[in-house]
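*Asks:* Structure provided below as structure tokens; questions to follow.
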Amino acid sequence: MSDETNEQDLKRTALHAFHVAHGAKMVPFAGYDMPVQYPMGVMKEHLHCRASAGLFDVSHMGQAFLIAEDGTFETAAKFLETLVPADVQSLKPGRQRYSQFLNDEGGILDDLMISRLAMPGHTHWIYIVVNAGCKDADYAHIEKQLPEGITLRVPDGLSLVALQGPKAAEVMARYLPDAATMKFMSSVDTPIDMDGEELWCHISRSGYTGEDGYELSIKSDKIVAFCESLLKHDEVELIGLGARDSLRLEAGLCLYGHDIDTTTSPVEAGLTWSIQKNRRKTGGFPGADRIMRELDSKPKRRRVGIEPMGRAPAREGTVIQTNNDTKIGTITSGGYGPSVEGPIAMGYVDEHFSIPGTNVQLIVRGKEMPAKIVKLPFVPNNFYRG
Amino acid sequence: MSTAAKYTEDHEWIKVDGDTATVGISPYAAGQLGDVVYVELPEEGKELAKGDEACVVESVKAASEVYAPVSGTVTSGNEALEDAPETVNADASGEGWFFKMTVADASELDELMDEAAYKTYCDGLE
């Protein structure tokens with residue numbers, strides 16, 4: 001536990017008392033007192049999410065809207081495109097894209113989800129979800145560049161939960177039959193039937209586990225009732241930050257501040273897929289020079305999957321070497337994959353060592369440990385594409 | 001016949017049986033760590049001063065050090081943990097022991113907590 005953070009200074013989500021009541025072990029995370037695990041434990045929570053449905057409180061994350069006063073989507077989208085390399089303008093109502101805020105050197109300030117609302121009268125609204133640890137800096141970054149005529153709205157009293165896993169669709173359909181056929185990376189604003197009560201939600205079919213599932217933005221005064229309702233379904237168990245981390249690592253997904261930061265570019269990070277073709281040609285986003293250069297030739301290093309050969313996990317910061325003791329990179333996330341049933345890691349290595357199958361050495365507690373560069377993800381994605 | 005377990009503030013236990021002692025971590029510590037996925041055992045013959053890092057236990061979340069409760073020499077490690085690290089969670093006080101060692105100075109045992117004192121100590125951490 002960090003000594004720097006005084007417990008009294010920690011913020012709480014609207015579900016804090018709910019977590020404690022469900023036996024959570026609370027830890028400081030990004031300025032919040034958050035559940036790292038429930039009585040089930042990290043391993044079982046992880047496996048439960050992969051087999052059934054897991055409920056996560058992600059209300060610490062930042063939720064905000066960009067709204068142009070001229071009532072057009074284009075105005076807000078064009079502005080956002082000056083900060084991120086994604087094609088925002090081509091987003092249709094009810095669709096979302098993953099992207100990154102970039103600095104002038106093409107380094108990643110934060111990664112985020114960008115959605116265009118589908119609700120009639122609001123299809124010009126852009127909804128973004130950013131990381132908890134970066135949200136204040138993100139909002140300041142946006143405000144600094146924000147032109148006249150566009151507003152950044154950061155609403156109070158909004159919670160965010162994720163329901164993830166192969167049974168998530170079956171469970172959500174009991175609240176909203178149409179939820180089952182929503183496509184991956186789509187969203188809708190709609191009332192749902194919470195045990196006879198009408199509850200308004202922003203629902204997107206997305207997540208951070210590699211599994212099918214949803215993220216639901218709901219008013220904080222209703223969130224406890226909604227989570228209590230979800231837990232009545234036998235398929236659903238609460239999942240803490242511990243399993244959230246092992247799930248996303250197996251799914252090959254980046255954790256900001258670890259696998260991506262201000263020094264890594266989206267190309268190095270293997271996130272080129274999130275830069276749509278027209279933007280790769282025309283640029284017009286921060287750090288476009290570096291990113292277009294890296295796309296043209298090659299980046300110096302790449303994010304890769306790493307599979308240690310033994311049973312010992314290799315943690316963040318572990319040095320990666322060639323078989324003749326030359327340092328070629330560093331592990332940025334590493335641990336144990338409960339579904340893989342073995343140690344797994346991600347990290348950056350020099351470009352010529354990034355080919356899957358390359359044998360490397362990891363230096364764990366001063367000892368060399370054989371490992372192999374592997375393709376990400378470690379477990380196949382299980383998204384619903386209709 | 002081994003003596004009753006003594007405990008350190010770092011949550012190791014030690015039970016002395018004649019010339020050798022068995023060392024493990026307490027059920028409280030195992031619970032705090034969560035699911036154990038790997039144990040790096042000390043090598044036979046490793047000399048340890050009281051408080052030295054003896055081995056490493058890794059849970060899904062993180063790696064933690066296990067310290068020598070007293071000074072002595074490692075005589076063996078619990079090789080069963082290599083294939084079944086989850087034994088640490090299932091039976092921390094018994095089958096989930098980590099290593100055996102000689103006791104160089106029996107008076108060091110007197111500085112450790114007995115069961116009742118350790119329980120009070122853990123209650124104070126909650």
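The values are calculated or read from the model by the stated rules, or taken from the named source; none is laboratory data. The shown structure was predicted, so the numbers you read here are calculated from the model rather than taken from an experiment. Cβ: placed from backbone, ideal geometry, glycine included. Neighbour counts: every protein chain shown. With ligands, DNA and RNA removed, areas are computed over all heavy atoms of the protein, side chains included. Shrake-Rupley method; radii C 1.70, N 1.55, O 1.52, S 1.80 Å.
*Asks:* Considering only region B:19-28, state which residues are at pLDDT below 95 and either crowded, with 21+ Cβ neighbours inside 10 Å or of a type in the set (Asp, Glu) (or both).
*Replies:* Within region B:19-28, just B:ASP19 meets the criteria.
*Asks:* Which condition does A:ALA288 not pass, out of (1) small (Gly, Ala, Ser); (2) open to solvent by 40 Å² or more (accessible area, probe 1.4 Å); (3) in contact (Cβ under 8 Å) with a residue 12 or more places away in the chain, if it passes all the others?
*Replies:* Every listed condition holds for A:ALA288 apart from (2).
*Asks:* Let me ask something else. Which members of region A:256-280 meet the condition of being outside any helix (DSSP H, G or I), of a type outside the set (Val, Ile, Thr) and surrounded by 19 or more Cβ atoms within 10 Å (Cβ to Cβ)? Walk me through how you get there before you give the answer.
*Replies:* Our first condition is that a residue be outside any helix (DSSP H, G or I); within region A:256-280, this holds for A:256-271, A:275-276.
Of the ones still in play, those that are also of a type outside the set (Val, Ile, Thr) are A:256-259, A:261, A:265-266, A:268-271, A:276.
Those that are outside any helix (DSSP H, G or I), of a type outside the set (Val, Ile, Thr) and surrounded by 19 or more Cβ atoms within 10 Å (Cβ to Cβ): A:TYR256, A:ASP259, A:SER265, A:PRO266, A:GLU268, A:ALA269, A:GLY270, A:LEU271.
*Asks:* Taking the residues in region A:311-323 that are surrounded by fewer than 21 Cβ atoms within 10 Å (Cβ to Cβ) and of a type in the set (Val, Ile, Thr) as candidates, determine which candidate is farthest from the other protein chains (Cβ to nearest Cβ). Please lay out each step first, then the result.
*Replies:* Taking region A:311-323 first, the residues surrounded by fewer than 21 Cβ atoms within 10 Å (Cβ to Cβ) are A:311, A:315-317, A:319, A:321-323.
Then drop every residue that is not of a type in the set (Val, Ile, Thr), which leaves A:319, A:322.
On the way: A:VAL319: 15, A:THR322: 24 Å.
Looking at the filtered set, the residue picked out is A:THR322.
*Asks:* For B:ALA80, which of the numbered conditions (1) within 10 Å of chain A (Cβ to nearest Cβ); (2) closer than 21 Å to A:ALA312 by Cβ fails to hold?
*Replies:* Condition not satisfied by B:ALA80: (1).
*Asks:* Can you tell me how many residues in region A:98-113 are under 18 Å from A:ALA76 (Cα atoms) and over 12 Å from the mean Cα position of the chain (by Cα)? Explain how you work it out, then say what you get.
*Replies:* Of the residues in region A:98-113, the ones under 18 Å from A:ALA76 (Cα atoms) are A:98-102, A:112-113.
The next check asks that each one be over 12 Å from the mean Cα position of the chain (by Cα); those that pass are A:101-102.
Looking only at that region, the number is 2.
*Asks:* Scan region A:236-271 residue by residue and report those that are among the charged types (D, E, K, R) and within 24 Å of A:LYS375 (Cβ to Cβ). Can you show your working first?
*Replies:* Our first condition is that a residue be among the charged types (D, E, K, R); within region A:236-271, this holds for A:237, A:244-245, A:248, A:250, A:259, A:261, A:268.
Correct list: A:ARG244, A:ASP245, A:ARG248, A:GLU250, A:ASP259, A:ASP261, A:GLU268.
*Asks:* Any idea which residue in region A:344-364 is farthest from A:TYR256 (Cα to Cα), counting only those that are open to solvent by less than 10 Å² (accessible area, probe 1.4 Å) and within 14 Å of another protein chain (Cβ to nearest Cβ)?
*Replies:* Taking region A:344-364 first, the residues open to solvent by less than 10 Å² (accessible area, probe 1.4 Å) are A:344-347, A:349, A:360, A:362.
With the extra rule that they be within 14 Å of another protein chain (Cβ to nearest Cβ), the set shrinks to A:344-345, A:362.
Working: A:ILE344: 18, A:ALA345: 15, A:LEU362: 23 Å.
Among those that are open to solvent by less than 10 Å² (accessible area, probe 1.4 Å) and within 14 Å of another protein chain (Cβ to nearest Cβ), it is A:LEU362.
*Asks:* A:PRO308: over 25 Å from A:GLY133 (Cβ atoms) and either surrounded by 15 or more Cβ atoms within 10 Å (Cβ to Cβ) or within 14 Å of chain B (Cβ to nearest Cβ) (or both), yes or no? Explain how you work it out, then say what you get.
*Replies:* Values: over 25 Å from A:GLY133 (Cβ atoms): yes; either surrounded by 15 or more Cβ atoms within 10 Å (Cβ to Cβ) or within 14 Å of chain B (Cβ to nearest Cβ) (or both): yes.
Answer is yes for this residue.
For (1) open to solvent by 20 Å² or more (accessible area, probe 1.4 Å); (2) closer than 28 Å to A:PRO35 by Cα; (3) at pLDDT 95 or above; (4) touching a helix residue (DSSP H, G or I) at 6+ places or on another chain (Cβ under 6 Å), each residue gets a yes or a no:
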| residue | (1), (2), (3), (4) |
| --- | --- |
| B:TRP13 | no, no, yes, no |
| B:ASP17 | yes, no, no, no |
| B:ASP35 | yes, yes, no, yes |
| B:VAL39 | no, yes, yes, yes |
| B:GLY51 | yes, no, yes, no |
| B:GLU58 | no, yes, yes, no |
| B:LYS61 | yes, yes, no, yes |
